[in-house]
Amino acid sequence: MALSRSNWRSVAEAIAIPVGAILAAMVLFGCFCFLYGKSPLAIYGAIYKTAFGSWRAFQGTLLRAAPLMLTALCTALPARLGLMIIGNEGAMVMGGLGAIVSGLLLSYGSVLPTAAQVQQPLGLPPLVVHIAMGLAAMLVGGLWIGAVGALRHYRGVNETISSLLMNYIAIAFLNHLVEGPMRDPSSLNKPSSFPLPEMYKLGNIFTTRIHYGLIYGLVACAIAYVLIQHTTFGFASRIAGGNVKAARVAGLPVGKLAVTICFLAGSCAGLAGMVEVAAVQGQANSSLITGYGYSGILVAFVARYNPLAAILVATLLGGIINSGGILQRTFNMPDATVLLFQGIVFLMVLFSESLYGRFKVFKEPAELTPPPPVTPAGSAAAT
Amino acid sequence: MAVAAAALGWWGVPLGIFAGMLRASVPFLFVSLGECLTEKSGKINLGLEGALLTGAMSAYAVSYLGAEKWGLAPEFSPWLGVLVAGLAGMFLGFIHAWLSQQPKVNDVAVGIAMIIFGSGLAFFLGKPFIQPKAPQLPTIDLGAWSSLPAVQSALKISPLFLLGVAIAPLMQWFFTNTRWGLMVRAVGDSPDAARALGVSIPKVRMLCIIAGSFLAGIGGACLSLYYPGIWSESISSGQGLMAVALVIFARWNPIQCLWASLFFGGAQAVVPALQAVGIDQGRYLFNAAPYILTLLVMIVTCSPKRTLSGAPGALGTINS
């Protein structure tokens, strides 16, 4: 939405209402902190300092924002077509599994390498392995959510509930694999798969401690934005999201659109799983269940399904998650504080949805007053 | 229970599943009845998971504080906990009911927000109660006739189970035989007809969602004060979310909610029962069985051409 003289009011509304909602949420959360006997100002100060206070702190924030950008797309893309997908966590876990399986196969030739195989890795160039892992993760995640879209279109299964159930199935599948068929016998306390060789781990950008996952997130959001706003595919999806019947009458392939967009959405979340495996964990275990999937839903909502806004919102939320540790250590608050804050923000943002069009300030004056008065308002009232 | 079941050999498996049916089904029963009532009025409440967790936390906290700090009798304080759990559920239900009836607000999205908010609230306030031991709800021992300890422990039934079993047919009777029940069904099936009758749709939905969340809160109390009888952050394995699927499984019929809850409770007990006789392979896959089963049932019974039989007509429509 480019700013021009005619639409500045709606642009101002689209910015003011979410910002107002977040401010209201901060006031409410401040009340909780106050009840807990902590100064809200000190807490917000600490959050700001640990999340955005210095370049080093901001790097930590960006690290957490990267997977959020990707998982947010998993909800935001299908939402443009009117589908409410909340299977982000499951798709991310499945993507992580796809990445580790392909990564181990390409480095050792087996997911359960023998000692001899570990000694003699295949030695493929890291770039090849990274691309293969990314593609495998996107394929698995895409099929996972694509199935949800297909079930919705061909069987009428509610996509919200099926994607939710599939989260649990994916997590159970992960636990089953790392405790049984894929378990590294040397992982005793925390059953895990074999680790990726160090050379195939996703590196950092230049001298920062930010891994390349951030680039993936930014690029994916940019591509998603162009796809939705500036291609015929995106246009058709938005039509179908606005009115399915009209789209069918116009001859749009609604089913194909739904399955395709679900596949793309799932592949974004799957890529987040690959980043988690290749850059953070280095192996697959229960740490893959990060909660980034559920937070991604929140990001998508706050960004109003706009992929570019998702970058900004993901950075904000990444900052809040980043500061969770400091709240625990310095202020002795429960670790669920961040979760509570997210819940309050979510509720406030949803409430703000009903406020669009209710403020006179943001309405075009032409809609308020009947056409003629071109004269200044004061003299018009006087006559 | 595991040791006792082992002494029984293979007979321990069906007994363990039966015991699980009577125990693990209780939260399912309450939450699914609450969800059933909510959906009958035409709104969906995914946020019952939040109400369940908040209920579990507040029941445990009140039971503990009542016995240790406020000097209540240990027989009485768990019951106060159950009541407070219901009230806590009602509080969350009120937020959901109010928010989901605002114009342009999607009730599914509100439900997801309520899951995050409810679990955040429960974990935030419940942190100090993870360590202490709270007095538990009493049980009714129906197994005194047997000399086998396994049978005795299997037949320790919670009074809340009996309450839930009683509520199911009552709710069915409420829907089919009372004027108020008819109003709820009218609001859920064809809001226009209800409006023509002069029924206030927001009020009916508000009451149904609040009452449904009350039941979900009590379901949470079953978790923390009966089985498994502890308060921790991983106490719910998604029972509140599964309730939504369970209600579809039961075709929006309270009596069938009872059978479905027993079935899901039994399914949850399969893994521990098999572990007791030494079968430990694929336990995660077994744990996922209820989810897979629900998904399969939905795939088989749904159709793109018509809505499910028994589904309230206004379910899933957006507020004007």
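The values are calculated or read from the model by the stated rules, or taken from the named source; none is laboratory data. No experiment lies behind these values; they were computed from the predicted model shown. Here Cβ is always computed from backbone atoms with ideal geometry, including for glycine, and neighbour counts include all displayed protein chains.
Annotations
- Residues within segment A:160-211 that are within 17 Å of A:Asn285 (Cβ to Cβ) and within 14 Å of chain B (Cβ to nearest Cβ), tallied: 15
- Segment B:107-125 - residue that is facing chain A (nearest Cβ under 8 Å), of a type in the set (Gly, Ala, Ser) and within 17 Å of B:Thr38 (Cβ to Cβ) and, of those, farthest from the chain's Cα centre (by Cα): B:Ala109
- Under the condition of being surrounded by fewer than 15 Cβ atoms within 10 Å (Cβ to Cβ) and not in a helix (DSSP H, G or I), the residues counted in segment B:159-206 number 4.
- In segment B:265-286, the count of residues that are away from chain A (no Cβ under 14 Å) and under 17 Å from B:Ala122 (Cβ atoms) is zero.
- Within segment B:126-158, the set of residues being of a type outside the set (Gly, Ala, Ser), within 14 Å of another protein chain (Cβ to nearest Cβ) and part of a helix (DSSP H, G or I) comprises B:Lys127, B:Pro128, B:Phe129.
Per-residue answers, yes or no, for (1) surrounded by 16 or more Cβ atoms within 10 Å (Cβ to Cβ); (2) outside any helix (DSSP H, G or I):
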| site | (1), (2) |
| --- | --- |
| A:Ala116 | no, no |
| A:Val128 | no, no |
| A:Trp144 | yes, no |
| A:Ala147 | yes, no |
| A:Ile169 | yes, no |
| A:Phe173 | yes, no |
| A:Ser186 | no, yes |
| A:Asn189 | no, yes |
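- The lone criterion from (1) closer than 19 Å to A:Gly98 by Cα; (2) surrounded by fewer than 19 Cβ atoms within 10 Å (Cβ to Cβ) left unmet by A:Gly242 is number (1).
- Residue in segment A:318-357 that is nearest to the chain's Cα centre (by Cα), counting only those that are among the small types (Gly, Ala, Ser) and more than 7 Å from chain B (Cβ to nearest Cβ): A:Gly318
- Residue, modelled with the highest pLDDT, within segment A:1-51, restricted to residues that are among the polar types (S, T, N, Q) and more than 26 Å from the chain's Cα centre (by Cα): A:Ser39
- Residue count for segment B:227-241 satisfying the condition of being polar (S, T, N, Q) and within 11 Å of chain A (Cβ to nearest Cβ): 1.
- The number of residues in segment A:281-294 that are within 14 Å of the chain's Cα centre (by Cα), farther than 13 Å from A:Ile85 by Cα and within 11 Å of another protein chain (Cβ to nearest Cβ) comes to 1.
- Residue list for segment B:50-105, filter: surrounded by fewer than 18 Cβ atoms within 10 Å (Cβ to Cβ), out of contact with any Asp or Glu (no Cβ under 7 Å at 6 or more places or on another chain), outside any helix (DSSP H, G or I) and within 14 Å of chain A (Cβ to nearest Cβ): B:Gln102, B:Pro103
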